[in-house]
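See below for the structure under consideration.
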Amino acid sequence: MSWKSDTPTPARDGFAELGYHGDRDRGARHAEGPREGDLDLRASEWRLPGPRGPRPEPSPLRAAAVLHAVFDAAPSAVAVVAGPDYVLDYANTAFRNGFASAAGAGASSDGSFAPGESGAFAPAASSRALAGLPLAEAVPVLARLGLLDALALVQASGTVFTAPEVRVPEYGPAGRPAVLRVTCSPVRASAAEPIEGVLLHLVDTTDQAAELRRLQGAERRHRNAAVALQRALLPQRLTQPDDLRIAGCYLPAGEADLGETLRPGAVRTASGELQVGGDWYDVIPLGAGRTAFVMGDVMGRGVHAAAIMGQLRAAVRAYAAANLPPGELLLHLDRHAAELEGVAYTSGSARAGLCDLGALASCVYAVYDPDDNTLTYAAAGHPAPLLRRPDGVVFDLDAASGPPLGTGEWTWQEARVAVPADSYLAFYTDGLVERRAVDLDEQFARLREVFGYAPLVEPDEPGPSELAELEASSTGNGVTVGGVSPRRSGPVDHVRDALLTGMQLPIDHQDDVALLVVHMPEWRGERAELFRSAAVELVGGTEIAAHARAFASGVLRSWHLDEDLCDTGVLAVSELVANAAIHGRPPVRLRLRRTDRRLIVDVSDGDDHLPRRRLAEETDEDGRGIGIVASLAASWGSRQLPEGKSVWCEFVLGPGHGH
């Protein structure tokens, strides 16, 4: 096939292969030679027929001439290659001008090469000199970028291939770097005919690419600011309770960058740009060994969603400090969310500058109590947490679900579930399971399966010399940001990583992901001696304080605590029990609990009035008990129970008590 734009000779029959069929006796006319007027492009000969007149069938020579004129005048580069070596059959003026400087040629003002000069294609301007010159020799820069692979794909498959962003070092008369959009289309007479060549169409998109890069740079700075804000709002160091092991993870949404290659099937690398959202998690110590777990997701993305997330996280911590039960906490959080500014409208919308009142968010709040190994939880429009028991069976904790926050007044119900030792909990946001064109139920089933078979690493029993190191490692943050874990503390990290790997997050996942995995270890061997508890019911009047002192003294000494700590603990027990006997009502219950790091004293009674610390006057006969406990203990607090209240205090154990 030959297609030359700058020769006056009539086109050959090859134009019929491009789909331009005219007179069926064109072979006879070729033998006679071109007739007068065949190349006359007067407008009268190409007028559209009238509504009643027949449409004349154009001759292939006229169609070829028009096609030559159109392509020669086109502002974008066009070329046709044929054969296994991809020989140039045609190149329009824009193509020659575009790659003249790349080949070190001198081009005239009209884009043609002067005779005797070495150009990108041949030492002469005539397109006859282009015939037989392979594309790799004519424009080697395109060959280096993989154009030959793209041409092979088009010839083999018959499909159109487009590379949206191809960077060339020199393009145009000035030889400047450029960005091109390259389209390769098969050339054939019909779908049933074999492919005779490939049409190349190159569009200079340098200006558009520069503007796109500028916008992407601004967007990248915006996202980086949002990422920095969200990371500052997320917990920088996860609280590691004495008898729990926790690992968290937050992954912002990512984007894939456009590649700069023409090679089909080339893997496009991720640009590292991040899109933050309103996902968050938190671990809140409530005192007396109790721990709260929070997982939430604010609707929307960007700095606005991250700012709302920070406000909701701060509100949750404030309500948790008041020891509100999960259902009541979500009620207060819903009212708080309704008062926040919601989705802001962009400048191009009809409501520019305005924003909806009220932020939509989902949240789950759960409280773990080590005294009875139970988890009390409530959820507001959030995916149900998962519980994996020691036998590997996975349960959905969906018995206490309600609408999302910010939708109006609602009474969230609570549910309680037993959590045996060596169990795992998983809290997550919807970004872990939601995928485009993938059934959500299948994703939830896959998550349960992965969680049930997550790899476990049995920790070695630490000896006395290793306990201090183990204790130091357990106080690390356990936080992973961007998928990189700062340390490995044990099985909980492996379970977290198994969930992320098993759910096969794409590199350009469209939603951010928050994940929190909690392990309730089953202590064995020497480590088990560091976790003890004892409780007693106290019946009687004010004399129960003496009974409590005797019980506490015996228990604390049996735990091999030093004399000073035993005496301090007994004094705190005496004050708390005396307050319960005088100001409370039966039943009174004393619980002592020790971990590897602290001693906890917890006294409960049937009265629901919470004590408060006050400065007693010199003439007051009471009011000093809580002050004495607060001065002795590292921390103290109180909370309401379903029937009555509980008052507790904690003492930090010295290094020697960990052995």
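The values are calculated or read from the model by the stated rules, or taken from the named source; none is laboratory data. Note that this is a predicted model, so its numbers are computed, not measured. In this analysis, Cβ positions are derived from the backbone assuming ideal geometry, glycine residues included, and neighbour counts consider all displayed protein chains. Areas reflect the complete protein model, heavy atoms only, side chains present, ligands, DNA and RNA absent. Shrake-Rupley method; radii C 1.70, N 1.55, O 1.52, S 1.80 Å.
Report, in whole Å, the centroid distance computed from the Cα atoms of region 393-422 and region 501-558.
About 22 Å separates the Cα centre of region 393-422 from the one of region 501-558.
Could you give the length gained by full extension between Ala174 and Asp567, i.e. 0.36 nm per residue of separation minus their alpha carbon distance, to one decimal place? The partial results should precede the final answer.
Details: separation 393, 0.36 × 393 = 141.48 nm, distance 9.00 nm.
132.5 nm is the gain from fully extending Ala174 to Asp567.
Could you tell me, in Å, what Rg and Dmax come out for the Cα atoms of region 176-229?
So, for region 176-229, Rg and Dmax equal 19.7, 60 Å respectively.
Under a point spin-label approximation (7 Å from Cα along Cα-to-Cβ), what is the Thr542-Ala73 distance to one decimal in nm?
11.2
Ordering Asp242, Asp430, Asp391 by accessible area with a probe of 1.4 Å, largest first, what comes out?
Working: Asp242 15, Asp430 40, Asp391 115 Å².
Order by accessible area, largest first: Asp391, Asp430, Asp242.
Between Ala322 and Thr162, what FRET efficiency follows from the Cβ-Cβ distance if R0 is 45 Å, with the result rounded to 0.05?
On the way: r = 61 Å, r/R0 = 1.34.
Rounded to the nearest 0.05, the efficiency is 0.15.
I'd like the FRET efficiency for Thr206 and Arg144, computed as 1/(1 + (r/R0)^6) with the beta carbon distance as r and R0 of 22 Å, rounded to 0.05.
Numbers: r = 19 Å, r/R0 = 0.86.
The pair Thr206/Arg144 has a calculated efficiency of 0.70.
Modelled label-to-label distance, Arg188 and Ala437, 7 Å Cα→beta-carbon offset: nm?
2.6
Taking all pairs of distinct Cα atoms, average 1/r, flip it, and tell me the Kirkwood hydrodynamic radius of region 143-194 in Å to one decimal place.
Details: mean 1/r = 0.0799 Å⁻¹.
Mean inverse Cα-Cα distance, inverted, gives 12.5 Å.
Based on the mean of other beta carbon atoms within 10 Å per residue, what is the order of 285-298, 158-171, 370-383, most packed first? List each step's numbers first, then the result.
Values: 285-298: 23.1, 158-171: 16.7, 370-383: 20.4.
Peptide ranking by packing, descending: 285-298, 370-383, 158-171.
Need one number: nm distance between label points at Arg237 and Glu643, each 7 Å from Cα along Cα→Cβ, rounded to one decimal.
4.2
What FRET efficiency would be calculated for the residue pair Arg549, Glu219, taking the C-beta separation as r and a Förster radius of 51 Å, to the nearest 0.05? Present the calculation step by step, with values, prior to reporting the outcome.
Values: r = 67 Å, r/R0 = 1.31.
Using R0 = 51 Å, I get an efficiency of 0.15.
Compute, for region 198-250, the length of the dipole vector about the Cα centre, with Cβ point charges of +1 (Lys, Arg) and -1 (Asp, Glu) only. Units Debye, rounded to 20.
Working: 8 positive and 6 negative charges, 40 e Å.
Approximately 200 debye in magnitude.
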